[in-house]
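Structure first, commentary second.
The values are calculated or read from the model by the stated rules, or taken from the named source; none is laboratory data. Remember, predicted model here, so these are calculated numbers, not experimental data. Glycine also receives a Cβ, built like all others from the backbone with ideal geometry; neighbour counts cover every protein chain displayed.
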Amino acid sequence: MKASAAVTVGRYPLHQGEISVSDIPEASADGRSSHWQLQRIVSQLRGAREDWRARNRRVSGEHGGRELPSRAAMGDILEALSGALFPMRLGPVDLREESEDFYVGHTLDVALNALLAQARLELRYVAHQQGGDLKSIDAHALELIQDFATALPGIRLLLDTDVLAAYHGDPAARSVDEVLLCYPGILAVIHHRLAHHLYRAGLPLLARISSEIAHSATGIDIHPGAQIGPSFFIDHGTGVVIGETAIIGERVRIYQAVTLGAKRFPSDEDGQLQKGHARHPIVEDDVVIYAGATILGRITIGKGSTIGGNVWLTRSVPADCNLTQANLLQQDHCSKK
């Protein structure tokens with residue numbers, strides 16, 4: 001089996017011109033490669049890949065190339081988009097205000113073209129899996145990324161409300177610049193605002209990659225499908241989980257280790273999990289949820305309520321409820337503010 005490309009690890013080209021398993025060295029000049037039995041291992045790995053692809057009806061990419069979007073490419077795209085949204089804070093260290101617009105324009109041009117390539121990969125992958133039409137993919141991908149580009153000014157304005165919410169909600173914050181540069185919750189929300197638009201546009205894989213990059217960096221897991229209103233603040237952040245169908249209103253503040261999750265996962269007649277149904281909480285405006293609270297199921301947290309630390313909640317609470325572990329088991333479990 002032959003392959004071609006140009007990828008190198010150390011001294012050894014993995015794909016350089018036309019190569020096969022027999023071209024892989026069993027021994028280098030210093031004898032180290034002979035320790036690894038590379039030909040046998042590479043053949044076994046190829047067999048595992050081929051078996052997986054056959055069982056999962058996987059197809060090769062265009063012209064034998066990459067089939068799926070690249071996490072590394074999406075990481076570069078998100079970094080560039082963040083710099084374009086906040087050039088003097090998240091852009092290059094040597095950027096000057098007089099060249100700000102040029103930097104933003106150039107960066108967006110590069111990032112959006114790269115995002116377009118990733119969108120084509122996702123749409124082509126889905127079309128192959130579902131037997132869809134491949135002819136209109138390029139035009140459809142271009143339309144989606146054009147819409148994404150048009151949405152960027154609005155996303156920036158929305159993020160401004162999040163930064164201000166963090167600044168006003170944390171007495172330790174000395175400036176909005178500190179919030180933008182340092183707070184993991186803001187990094188997670190920047191990624192979410194971008195990912196949510198991709199999700200709604202019909203690019204859920206790119207959206208999920210974007211969210212998981214932030215998850216890896218911050219420990220904050222926000223599914224890109226979650227609907228989150230303006231002035232949203234996650235303080236500290238580590239261990240926060242927000243599920244796909246969660247709806248969060250305006251001016252909501254949550255602390256570390258909060259879960260907005262599903263209570264159960266119903267199955268169909270064949271035992272397969274049912275997808276897409278509403279299963280996560282609705283959090284109305286002006287709610288505060290303190291550290292370690294676990295809120296499960298399609299329940300509603302009423303406007304202006306406060307949920308205390310480490311509360312386990314599976315039932316709705318009315319507006320202006322002050323719910324703590326101490327009063328959770330009482331018949332009237334809400335003490336009014």
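Among the residues in region 315-322, are any crowded, with 18+ Cβ neighbours inside 10 Å, touching a Cys at 6+ places or on another chain (Cβ under 6 Å), in a loop (DSSP other than H, G, I, E, B) and without any contact (Cβ under 8 Å) to a residue 40 or more places away in the chain? No, that holds for no residue.
Cβ-Cβ contacts under 7 Å between residues 6 or more apart (or on different chains), taken from a first residue in region 225-238 that is of a type in the set (F, W, Y) to a second residue that is in a strand (DSSP E or B), are listed as F232/I248; F233/R253. Assess whether S231 counts as being crowded, with 17+ Cβ neighbours inside 10 Å, touching a helix residue (DSSP H, G or I) at 6+ places or on another chain (Cβ under 9 Å) and polar (S, T, N, Q). Against the criterion (crowded, with 17+ Cβ neighbours inside 10 Å, touching a helix residue (DSSP H, G or I) at 6+ places or on another chain (Cβ under 9 Å) and polar (S, T, N, Q)), S231 qualifies.
When restricted to residues that are within 30 Å of L116 (Cβ to Cβ), exposed (fewer than 13 other Cβ atoms within 10 Å of the Cβ) and at pLDDT 90 or above, region 50-70 contains 0.
If you go through region 180-230 and pick out every residue that is outside any helix (DSSP H, G or I), of a type in the set (A, V, I, L, M) and farther than 18 Å from V258 by Cα, you end up with 1.
Every test in (1) surrounded by 14 or more Cβ atoms within 10 Å (Cβ to Cβ); (2) in a loop (DSSP other than H, G, I, E, B); (3) not assigned by TED's automatic domain parsing to the domain that holds H192 is passed by L95 save one, and that test is (3). Contact annotation: residue pairs with Cβ atoms under 9 Å, 6 or more positions apart or on different chains, pairing a residue in region 164-182 that is in contact (Cβ under 8 Å) with a residue 24 or more places away in the chain with a partner that is in a helix (DSSP H, G or I) and of a type outside the set (A, V, I, L, M), are A166/G185; D177/R89; L180/R89; L181/R89.
Determine, yes or no, whether Q129 is out of contact with any strand residue (DSSP E or B) (no Cβ under 8 Å at 6 or more places or on another chain) and surrounded by 15 or more Cβ atoms within 10 Å (Cβ to Cβ). Spelling it out, it is not the case that Q129 is out of contact with any strand residue (DSSP E or B) (no Cβ under 8 Å at 6 or more places or on another chain) and surrounded by 15 or more Cβ atoms within 10 Å (Cβ to Cβ). The requirement of being within 23 Å of D177 (Cα to Cα) and assigned by TED's automatic domain parsing to the domain that holds P153 is fulfilled nowhere in region 113-124; no residue meets it.
For residues in region 101-145 being of a type in the set (S, T, Y) and assigned to a helix (DSSP H, G or I), which is nearest to R208 (Cα to Cα)? Steps first, answer last, please.
Applying the first criterion (of a type in the set (S, T, Y)) to region 101-145 yields 103, 107, 125, 136.
Cutting the leftovers down to assigned to a helix (DSSP H, G or I) gives us 103, 107, 125.
Values: Y103: 28, T107: 23, Y125: 15 Å.
Once the filter is applied, the top-ranked residue is Y125.
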